[in-house]
Amino acid sequence: MPRRRLRCPPLSEWSLRTRVTVAATVIVGCLLSLALLGFYLMLHWTLEDQLSRRGRDALYELSAFVRLHDPRGEDVLRTQIDGFNLLQSVDDQDRVLASSASLVGYPPISRLHPPAPGRP
């Protein structure tokens, strides 16, 4: 026996109640989608800003430690900022002077350098 396909009647045959219900459902669905997108973007920007601030704080703390102490005498670098376990102090010749406990013995994890006079 062949399968019968259910067909949706044309829009002109829909009752007023059906049209209003479909239109309201579409409008509410669009509004909910926009609200969800706004919530996601707000959460993303807030978390990214907090992580950036914490990273900047860890960097300032580490750079102050390196300026005040010779990091070659320390085996492990530490900061008071939780969540930043991958820290290295690298000299101009890309030698690791000190690193956090999880990176002891590893080469430099990044080739990025801050701009310095006379350095490309």
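The values are calculated or read from the model by the stated rules, or taken from the named source; none is laboratory data. This structure is a prediction, so every number in the text was calculated from the model and none was measured. No Cβ is skipped: glycine too gets one built from the backbone with ideal geometry, and neighbour counts run over all protein chains shown. All accessible areas refer to the heavy atoms of the entire protein, side chains included, with ligands and DNA or RNA removed. Shrake-Rupley method; radii C 1.70, N 1.55, O 1.52, S 1.80 Å.
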### Message
Pairs needed: first member in region 44-67, within 18 Å of SER99 (Cβ to Cβ); second member anywhere, open to solvent by 100 Å² or more (accessible area, probe 1.4 Å) and not charged (D, E, K, R); C-beta distance under 9 Å; at least 6 residues apart or different chains.
### Response
ALA58/GLN80; GLU61/GLN80
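Residues are listed down the side, and each one gets a yes or a no for (1) modelled with pLDDT under 75; (2) among the aromatic types (Phe, Trp, Tyr):
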site: THR46; (1), (2): no, no
site: GLN50; (1), (2): no, no
site: TYR60; (1), (2): no, yes
site: HIS69; (1), (2): yes, no
site: GLY73; (1), (2): yes, no
site: ILE81; (1), (2): yes, no
site: LEU87; (1), (2): no, no
